[in-house]
Amino acid sequence: MTATAPPAGGRTGPPDERLLHTSSWRKLLGRPELGSVVGAVAVFLFFSVVADTFLRASSMSTVLYAASTIGIMAVPVALLMIGGEFDLSAGVLVTSSALVSSMFSYQMTANVWVGALVSLLVTLAIGAFNGVMLVRTGLPSFIITLGTFLMLTGVNLGLTKLISGTVSTKTIADMEGFPAAKNVFASFTVGGVDVRTTVLWWIGLVAVATWILLRTRFGNWIFAVGGGAGAARAVGVPVARTKVLLYTGVAFCAWISGQHLLFSFDVVQSGEGVGNELIYIIAAVIGGCLITGGYGSAIGSAVGAFIFGMTGKGIVYAEWDPDWFKFFLGAMLLLATLLNAWVRRRAEATA
């Protein structure tokens, strides 16, 4: 008999999986946004065929703008969902931010930038309140943020009618600082071309969020907390701080969206924003985020928002009845969820 010498160091068994080569195909299957990208391509090709004006530069510009207004909020909502939580107050928080900025500037006859700063502080405080209540009470985020949603809905309407006498704010278009603020939050002109600032904000937020998720310790914390708060806490992850910061991130993006709402239209309707929180969540889910947390990407949320923009405007360009938008929205949600589940199963089978 011939004995086979054990490997150096006396170690036997299969090689360390961390040292194994991972093929490009397996890496691609492991990306959360893969299903949404396939869906986006399908939607793009579909409306390219059925709507003659869909591929025009002006039409695509409108699609991008519509997608950006959703995408700005879909990014932090996606991060929050990866962390295992929801925020049902995100939609009305955008309106609250705009109302605070507008009414403070108008009532105090202050520079609009002062109102924007006050609005930022108030909005961040509301986001932090959601996070602190969640970690202190242990209640589900659904209950916490549903309560905040209802309170903000009432406050938005009640304070606006109390201060302005109507359900909308007074115009601040003639106040000091408005033109500069409009350039930052709404649009500006370069060489005769009107550039929507929200598209730039959207791209920047997606880039920052992707860097955070993939390149920072905080990104690891987000995935760990979403995968299991108890296990994450056991290995030293600051679960409470992570969740509070995630809710604060949602609030910061709500402030950006709120200022866009104000400086695009000069006035704000106090009843706006109700229902938008579901759109942000759907965009994140279409983009590959799991309802259970621990899985998803910022890029996927951007693709989900782009699908929203293409569908909403594509129906108009195809001259269809816009009442069918919600039907297509629901169908896309179901198909995207099924496709994402299939992609995950394929990725796990080839792992």
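Remarks
- Listed residues Ile315, Ile163, Ile286, most fluctuating in the chain (Gaussian network, C-alpha, under 10 Å): Ile163
- Rounded to the nearest 20 debye, dipole of the stretch 135-294 from Cβ charges on Lys, Arg, Asp, Glu: 680
- Eligible lysines near Lys170 by straight Cα distance, threshold 20 Å, same-chain separation 8 or greater: Lys161, Lys182
- Using the empirical formula 2.2 N^0.38 Å as the baseline, the Cα radius of gyration of the stretch 204-351 reaches a ratio of 1.21.
- Based on protein heavy atoms only, the stretch 53-152 ends up with 37 Å² per residue of surface accessible to a 1.4 Å probe.
- Look at where the Cα atoms of the stretch 44-84 and of the stretch 175-196 average out, and the two centres are 22 Å apart.
- Quarter of Cα convex hull surface for the chain, i.e. mean projection, nm²: 23.8
- In the stretch 235-343, a dipole from Cβ-located charges (positive for Lys and Arg, negative for Asp and Glu) runs towards its positive end, and of Gln269, Leu335, Phe252 it is Phe252 whose Cα lies farthest in that direction.
- Cα-projected label distance for Val274 with Leu214, points at 7 Å along beta-carbon direction, nm: 4.1
- Computed over all pairs of different Cα atoms, the Kirkwood value for the hydrodynamic radius of the stretch 110-155 is 11.8 Å.
- Cα centre as origin, Lys/Arg/Asp/Glu Cβ charges: the chain dipole, Debye: 1120
- Helix 217-227 and the longest principal axis of the C-alpha atoms of the chain enclose an angle of approximately 80°.
- Taking the 1.4 Å solvent-accessible surface of the chain as the whole, the part contributed by carbon and sulfur is 67%.
- For the stretch 295-339, the C-alpha radius of gyration divided by 2.2 N^0.38 Å, with N the number of residues, is 1.25.
- In terms of its Cα atoms, the stretch 208-263 spans 46, 21, 14 Å along the principal axes, sorted from long to short.
- The dipole here belongs to the stretch 29-181: it is taken about the Cα centre, uses +1 on the Cβ of Lys and Arg and -1 on the Cβ of Asp and Glu, and is about 160 debye.
- When you restrict to C-alpha pairs under 8 Å that are six or more residues apart and normalise by the size of the chain, the relative contact order lands at 35 percent.
- Longest DSSP-loop-exposure-free segment, GluC sites (Glu not before Pro), the chain, at most 15 other Cβ within 10 Å: 1-175
The values are calculated or read from the model by the stated rules, or taken from the named source; none is laboratory data. None of these values were measured; they are calculated from a predicted model. All Cβ positions, glycine included, derive from the backbone under ideal geometry; neighbour counts span all protein chains shown. Surface accessibility is based on the protein's heavy atoms, side chains included, excluding ligands, DNA and RNA. Shrake-Rupley method; radii C 1.70, N 1.55, O 1.52, S 1.80 Å.
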